[in-house]
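Worksheet: the structure to be examined is printed underneath.
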Amino acid sequence: MSENIDTLLENQSLKKEFAVRNLDLSQVFHETPDNLERENRFLRHLLDWVQKYSELRYMHLLETLDEEFEIIVDGSWHLDGCTGYCPDCFQRPWCESGCQSCWPEDEEAGKMFLIDPVKRYLSPSRISLEILQKLQAEEDKKFEEFEKGKKDKDIPIEPISFDAEDESDFPF
C-alpha cells in the first residue's frame, strides 16, 4: 500500500516540477494512470531532458556575458543564443528551425551535427540525417513556390536602402 502512495506522490511531484517551470505537459505527454511507475519513468526522463537544456542555456549565457561587448544605446540585445547558423548552436536539438534544416556539416557527419557541449547530453542517430534531408527538401520546395509566387506578383523582397549616416533616413 505504501508503495502505491509513494508512486502517486512521486507522480504528483514530477508533474508539479513541470508546472513550476511553466511547461505544458499535454503537448508531449499522455497520462497512463493504470501504470504510474511507467509514467514516472517517462516524466523523470523528460525532466532530465529539460534540466540538461537549462544547463546548456546557463553555460552559454555565462560564456556570452564573459565576452566584451558594446553597450547598445538604442535597440535591443537578445541572449537567445541564435545566430542563424544551426550546426554551431547549443539549442539545435530543442529548436524547431534547427531540427528541420539540413546543413553541410550534417551531411559530412552522416547525422545531425552537434557541438561538443551538446554531445555530452545527446547523441543523434544515423536516421536523423534522413529526417533532416526530408524536412529540408520540404522547406526548399515551399521556398521555391514562394519565390515563384513573388515573381508572378512582382513583390519586392530586396532590403530597403538607406543612408546609415543620416538617422532621419532609417526605415525604422
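We did not get these values from a lab; they are worked out from the coordinates using the rules stated. As the structure is a computational prediction, the values presented were derived from the model and not from experiment.
Figures for the structure shown
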quantity	calculated
Contour excess over end-to-end distance, with Cα ends at ILE5 and PHE29 and 0.36 nm allotted per residue	6.5 nm
Qualifying lysines (Cα of each under 22 Å from Cα of LYS150; at least 8 residues distant if same chain)	LYS141, LYS142
Vicinal HN-Hα couplings computed from phi for the stretch 101-111 (Karplus, 6.51 cos²θ - 1.76 cosθ + 1.60; Hz; Gly/Pro x)	10, 10, 10, x, 4, 5, 4, 5, 6, x, 6
Additional length obtainable on full extension of the chain from ARG41 to CYS95, 0.36 nm per residue less Cα span	17.0 nm
